[in-house]
Amino acid sequence: WQRYYTPNDPRFGNLWHLNNTGQSGGLVDADVDMPEAWDINRGGSPTTVVAVIDDGVQSTHPDLNIWTNPGEVSGDGIDNDGNGWIDDIHGWNFVFNNNQSEPLGSDRHGTSVAGVSAARGDNNLGVTGAAYNSQVISIKMFDGNSVASTANIAAALRYAAGINAAGNGVWNA
């Protein structure tokens, strides 16, 4: 048991939202008390998948553990896991109804959210996320300045919850 555990990631000291020591003129302890929480559960679990419903998550980011759908065969054009989404290897794009859930253009908000949530920790690289041992699934609901429809928001939430596209069954999300 180590009191107030901190990971070895070089930029952890910049993450005022996880542990505010007054860096950059911030208010000391105006944070989520992450080191204290890590004393209880250090970084989540590799079997936990965090759904990031946003503008997409960069699947090749070196500090993220991107979920890979174990029920799909990449690129075969078949819905191998029977969830209603073809080749949803790393998530789904509800804007264009395809498996291209990477962010486009300069907006990388979803990747940033994934980092705050689950950037790999204790790997001497970049930053650390709250659940740094966990995986991330990219669920794209926004594209640039587009407005998400109510139907797409509902579908994205159902997908994250493991409800199939038809709404009458579940899959291992």
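The values are calculated or read from the model by the stated rules, or taken from the named source; none is laboratory data. Source: prediction; values computed, not measured. Every residue, glycine as well, gets a Cβ built from its backbone with ideal geometry; the counts of neighbours run over all protein chains shown. These area figures cover heavy atoms from the full protein model, side chains too; ligands, DNA and RNA do not enter into them. Shrake-Rupley method; radii C 1.70, N 1.55, O 1.52, S 1.80 Å.
Condition (residue is among the aliphatic types (A, V, I, L, M) and under 18 Å from the mean Cα position of the chain (by Cα)) applied to the range 74-87: is it met by at least one residue? Show your work before the answer.
Filtering the range 74-87 for residues among the aliphatic types (A, V, I, L, M) gives 78, 86.
Cutting the leftovers down to under 18 Å from the mean Cα position of the chain (by Cα) gives us none.
Within the range 74-87 (the criterion being among the aliphatic types (A, V, I, L, M) and under 18 Å from the mean Cα position of the chain (by Cα)), the answer is no, since none of the residues qualifies.
Specify which of the listed residues (A130, A119) is in contact with an Asp or Glu (Cβ under 8 Å, 6 or more places away or on another chain), of a type in the set (A, V, I, L, M, F, W, C), buried (at least 20 other Cβ atoms within 10 Å of the Cβ) and more than 19 Å from N69 (Cβ to Cβ).
On the way: A130 fails: in contact with an Asp or Glu (Cβ under 8 Å, 6 or more places away or on another chain).
The conditions single out A119.
List the number of the failed condition for A114; all other conditions in (1) surrounded by fewer than 18 Cβ atoms within 10 Å (Cβ to Cβ); (2) in a helix (DSSP H, G or I); (3) hydrophobic (A, V, I, L, M, F, W, C); (4) touching a residue at least 12 places away in the same chain (Cβ under 8 Å) hold.
Evaluating A114 over (1) surrounded by fewer than 18 Cβ atoms within 10 Å (Cβ to Cβ); (2) in a helix (DSSP H, G or I); (3) hydrophobic (A, V, I, L, M, F, W, C); (4) touching a residue at least 12 places away in the same chain (Cβ under 8 Å) leaves (1) as the failure.
Out of curiosity, is D29 surrounded by fewer than 20 Cβ atoms within 10 Å (Cβ to Cβ) and without any contact (Cβ under 8 Å) to a residue 24 or more places away in the chain?
yes
Which number in (1) at pLDDT below 95; (2) open to solvent by 70 Å² or more (accessible area, probe 1.4 Å) marks the one condition that I86 misses?
Of the numbered conditions (1) at pLDDT below 95; (2) open to solvent by 70 Å² or more (accessible area, probe 1.4 Å), the odd one out for I86 is (1).
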